[in-house]
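So the structure is just underneath, and the comments pick up after that.
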C-alpha cells in the first residue's frame, strides 16, 4: 500500500464485483439449467455435474480460508484439511442421525456402524446431532474451538514459519490416526455414508442437489465478502503488516498473537462450512480427508490461483480440481501425479504470484502512474530477512 | 517326547543298575542291550530299548532307529547284532565296523509289536537327553520342562548325573524341579528346594509352573511359590521395560537415519525438503536393483549386497539431491514455505516415476545371512537385523559428526548455519555449500533407505511414512545441532515404544504427536536451540 494513497479502498472493487457476479450467476444459472430444461436439451446440466461443480465450489471456499491466513497473515497451515474434515464430520453426524430406521440394521437411534460394533447406546458426543441447528452450530464450533486452542498455544509461544507448518501437519496427522480408530465412534476407516435426507428433503433428489449447489455458491460469495471486508479493514492492515514484519508490528505495540489467532479461527470456521457443504454433495466423509497430503494440495490451489488475492485462491481450486477430474478419468491417469508435481514446481518457480496475481500485476504495470487499488500486496516480492 | 510308564519303571531300574554296577569294557549296558535283542522275545526287546536309552553309547540312537525301520538284524546263534544300511551293507552293531563275510540271508530282523513300538518312541525321546550334541540335550530338557511328565523322572535323574555342560545341567535341573514340584510323592523339603530352582529360571514358563501348583500342595510349598512368583514378576517387569527400551532404541535409530539428513539441510539452508522421504525410498530401490544385479550376475556376492549398495545409494541419491538443488531450490532461497511446496511437487514426481518404473507393489529385498537370526540376552530377544541397524545408525551419525567437525566443507556448513551473510562475507561460496549440503543430506537419506529396505516394505510410498516422523524429530531436537537430532530420535522412539503397551500403537502415537506439539509451544526452537542474537531467524 502506497502511503500517499489515502483513499479508503472500495470493499469489493471491480475485480471483486466480477468475481461475485460470476459466483452468484452460477448459483442461479446452474440449478435453473438443471431443473428447468428437459434432459435432452443441449444446455441441460446433468445432476452429476451439479454435484461436481458444487464440490469444486466447496474446495474454492476452502482455498479462500487458506488464502486468508497464508496470503494475508503468512501462516502456512498444513492442517487446514483437518478443519474442513471436522465441519464435514459434524454435518455427516447430522445426516447419519436422519437415516433413522432406514439403515441396514433398522436401529432407530444407533447408526449402522455402531450396531455392527455391538454398541448399546449412543456415545455422548453424538447427542444433539439429530437437531439441525445444533449440528450447524457444531460445524462452526468444532473447527473453531480446535483452531482457538491450537492457535492460542502456538501463537502465544511465537511458533512461526516452518515450525508452525510442521506442527499443523502433526495435528492433522494425529486426527487422521484418531478418526481411523473404530473406538472413536466416528465410523473408523469407512467414515460416515449412506445418507438419506437433509432437513426432510431426499439427498439424492435433483432439487436438493440444485439447492445445495446454490447454497454452496452463496456461501462462497459470502465467504469472499467477509474475507474481503476483513483484509480491507484496519484489522486486515495489521494482518498484512504481521505477514511482512511480525517483530516490527509487535514492537509497535500490537498484540500480534491475538490478531493471528482471530484470523486463524475465522479461517478454520470457513473451512468447516466448506466441509459441511461438501459432505451432502459427495455423500461420504471418511478419515482420509485428514491426510496431510490433502492439506498440502489445498496450498497448491492457492499458489496456482494467486496467493493473497482471495478470488485467485477460489479460481485456483476450481482449475486444479477440474484438471484433476479431467486427467484422472482418462488415459492420462498415470501421469496425473507428474502433472500435479510439475505444477507445484512450475508455479513456485515461474509464477510465484499465481495466475491472478500475475494478471493483476501486469494490469497494474500497464496503467502505471495510477496505483491500482485492487492490486494485492504482493507477498512474493517482500524482502524477508534471510532464514 | 512322552515316555510310557512301563518303560519308565525299566529306566528307573536300569538307571540304578547303571550307577551301581561298575562298568566293564565288555559288558556295559549297551552290550547287555544288544544281547537282549538276540533272544527274540518282545519283553527282552523292550527291556533292551530301556537299556539303550540310558547307555550313553553314541551308537544307541542308530540301533533304535534301525529297529524302528526294521533294519536291525540278529544272528541268534552267534549272539551278534547287525545294522543294515540304506545300501544293504551290514555293520556290526557292537563295534560299528562293517561286517564282512556275513550271510545276510541267515539273519533275522528283530520284530516289533505295539509294546515294542511304544518303547521305541520312548527310547528315542529319552535318548535325546543323552544325545552327544549338547544343543539336542538342551532341547530335550526343555521339552520335558514343558510336558512335566512325571514318568521321565528316572531318565532325567540319570541324565542329570551324567551331564557335564552347565547350561544343559541347569535346564535338566529346572525340568526335574518342575516335575518334583507338582508331585505329591516327593518330600516337602525337596519340593521347596524345587521352588527355588524354578525361581532361578525366572521366565514366563517358570511363572506358569509356579502358578499352576496342584491344589493339594502343602502350605509351605505354596508360600514359597507365592514369594517366588512375586520375585519373578518383579524381574520380568524390569525385563519388559528393558525390552521396550530396546524396541525404542531400534525405532529411534530408524528415525535417526531418516531424520539426520533432513536435519542438516534444514539446519544449514532453512529449507524444508518434503522430498526427503523420497530420497529414502530411492535408496531402498537402489538396494533392490543392486540385489537384482547381484542375483543375476554373481550370486556369491549376495551377502555383501548391502555393503555394495551403501556407496551406490549415497552417490545416486546425493546426485539427485544436487540436481534438485541446482535446478529448483536455489531459486527459492529465503522463501522457505515456497520451497516446501516445490519439494512436495518433486516428491510426487519421484513417487510416480518409481511407480511407473517398478510398479506400485512392494519389491522384495532380501536379508543377507549375517542379518538374520536372534540372540537372547537375559530375557531379551535381540534380532541381528535390528541390532545392525542400531550400529549402522550410530556409525552414520559419527561419520556425519566427523565430516562437520573435521573437514573444510563441514566447517563451511557450520559457518553458513550460524550466519549466512557473515559467512559469505568471509569468502565462503554459500551457493556451493548449499549444493553440497543438499547433496550430503540426500545421500544420507539414500543410505537410510538401504537400512530401511531391511525392515520395511520397499514400495513407492516408503518415504511418505517417514516424512512426518522425521520432521517431528528435527523440530523436537532443534535445528542445526546433530546431537539434538540424536536425542530427539531416541527419545521419540523410546517414548513411542514405552507408551504402546499402555495406550496401544495408535493412541500411543497420537499421544506422542500431542506431546511434541505441546513441547514445541514450550520450546519453539526445539531441545537444542541455536543460541544467537537474531530476533528473527
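Candidates are the residues of the range A:281-296 that are within 14 Å of chain B (Cβ to nearest Cβ) and buried (at least 21 other Cβ atoms within 10 Å of the Cβ); the one that is farthest from residue A:70 (Cα to Cα) is A:287. Is it the case that residue B:189 is in a helix (DSSP H, G or I) and surrounded by fewer than 16 Cβ atoms within 10 Å (Cβ to Cβ)? So residue B:189 passes the test. Just one residue in the set B:281, B:274 is part of a loop (DSSP other than H, G, I, E, B) and in contact (Cβ under 8 Å) with a residue 24 or more places away in the chain; that residue is B:274. Any chance the range A:352-364 includes a residue that's within 14 Å of chain B (Cβ to nearest Cβ), assigned to a helix (DSSP H, G or I) and modelled with pLDDT of 80 or more? Yes, there is a match, as at least one residue in the range A:352-364 is within 14 Å of chain B (Cβ to nearest Cβ), assigned to a helix (DSSP H, G or I) and modelled with pLDDT of 80 or more.
If the condition is being within 18 Å of the chain's Cα centre (by Cα) and either at pLDDT 90 or above or over 30 Å from residue B:435 (Cα atoms) (or both), then the range B:253-285 contributes only B:253. For the condition part of a helix (DSSP H, G or I), away from chain A (no Cβ under 13 Å) and either out of contact with any helix residue (DSSP H, G or I) (no Cβ under 9 Å at 6 or more places or on another chain) or at negative phi (or both), residue B:511 does not qualify.
Taking the conditions exactly as written (buried (at least 19 other Cβ atoms within 10 Å of the Cβ) and farther than 30 Å from residue B:191 by Cβ), does residue B:57 satisfy them or not? Judged against the criteria, residue B:57 is a match.
Return yes when residue B:301 is in a helix (DSSP H, G or I), under 31 Å from the mean Cα position of the chain (by Cα) and farther than 27 Å from residue B:360 by Cβ and no when it is not. Here the answer is yes, as residue B:301 does meet what is asked. Selection over the range B:363-407 of residues that are at pLDDT 90 or above and assigned to a loop (DSSP other than H, G, I, E, B) gives a count of 1. If we keep just the residues of the range B:333-351 that are surrounded by fewer than 20 Cβ atoms within 10 Å (Cβ to Cβ) and in contact (Cβ under 8 Å) with a residue 40 or more places away in the chain, which is farthest from the other protein chains (Cβ to nearest Cβ)? Within the range B:333-351, the match that is farthest from the other protein chains (Cβ to nearest Cβ) is B:333.
Residue pairs whose Cβ atoms lie under 9 Å apart, sitting 6 or more positions apart in sequence or on different chains, and linking a residue in the range A:335-347 that is at the interface with another protein chain (Cβ under 7 Å from one of its Cβ atoms) to a partner that is crowded, with 18+ Cβ neighbours inside 10 Å and not in a helix (DSSP H, G or I), are A:345/B:328. Between A:77, A:65, the distinction of being in contact (Cβ under 8 Å) with a residue 12 or more places away in the chain and assigned to a loop (DSSP other than H, G, I, E, B) belongs to A:77 only.
If only residues of the range A:148-161 that are free of Cβ contacts under 8 Å to residues at least 12 places away in the same chain and within 8 Å of chain B (Cβ to nearest Cβ) are counted, the one that is farthest from residue B:529 (Cα to Cα) is A:153. Among the residues of the range B:475-500, those that are surrounded by fewer than 21 Cβ atoms within 10 Å (Cβ to Cβ) and within 14 Å of chain A (Cβ to nearest Cβ) comprise B:499, B:500. For the range B:352-360, the count of residues that are over 30 Å from residue A:303 (Cα atoms) and either more than 13 Å from chain A (Cβ to nearest Cβ) or surrounded by 14 or more Cβ atoms within 10 Å (Cβ to Cβ) (or both) is nonzero. One residue stands out among those in the range A:188-213 that are touching a strand residue (DSSP E or B) at 6+ places or on another chain (Cβ under 8 Å) and under 29 Å from residue B:464 (Cβ atoms): the one that is nearest to the other protein chains (Cβ to nearest Cβ), which is A:191.
Residue count for the range A:114-160 satisfying the condition of being touching a helix residue (DSSP H, G or I) at 6+ places or on another chain (Cβ under 7 Å), closer than 28 Å to residue A:277 by Cα and surrounded by fewer than 20 Cβ atoms within 10 Å (Cβ to Cβ): 8.
In the set (1) at positive phi; (2) within 14 Å of chain A (Cβ to nearest Cβ), residue B:472 fails one condition alone, (1). May I ask you to verify whether residue B:268 is more than 14 Å from chain A (Cβ to nearest Cβ) and assigned to a helix (DSSP H, G or I)? When the stated conditions are applied, residue B:268 does not pass them. Scanning the range A:164-182 turns up one or more residues that are more than 10 Å from every other protein chain (Cβ to nearest Cβ) and either touching a residue at least 12 places away in the same chain (Cβ under 8 Å) or on the phi < 0 side of the Ramachandran plot (or both). Against the test of being more than 18 Å from residue B:49 (Cβ to Cβ) and either surrounded by fewer than 21 Cβ atoms within 10 Å (Cβ to Cβ) or in contact with a helix residue (DSSP H, G or I) (Cβ under 6 Å, 6 or more places away or on another chain) (or both), the options B:133, B:69 yield a single qualifying residue, B:133. Close Cβ contacts (under 9 Å, 6 or more residues apart or on different chains) running from residues in the range B:292-321 that are closer than 21 Å to residue B:369 by Cα to residues that are surrounded by fewer than 13 Cβ atoms within 10 Å (Cβ to Cβ) comprise B:294/B:300; B:302/B:369; B:303/B:369; B:303/B:370. Applying the set (1) away from chain B (no Cβ under 13 Å); (2) touching a helix residue (DSSP H, G or I) at 6+ places or on another chain (Cβ under 8 Å); (3) not in a helix (DSSP H, G or I) to residue A:330 leaves exactly one unmet item: (2). Among the residues of the range A:92-116, the one identified as closer than 15 Å to residue A:135 by Cβ and in a loop (DSSP other than H, G, I, E, B) is A:111. Among the helices (runs of 4 or more DSSP H) confined to the range B:1-78, the ones with at least 1 residues that are closer than 21 Å to residue B:99 by Cβ and modelled with pLDDT of 80 or more are located at B:29-37, B:42-55, B:60-68.
The values are calculated or read from the model by the stated rules, or taken from the named source; none is laboratory data. Quick caveat, the model's predicted, so the values are computed rather than measured. Every residue, glycine as well, gets a Cβ built from its backbone with ideal geometry; the counts of neighbours run over all protein chains shown.
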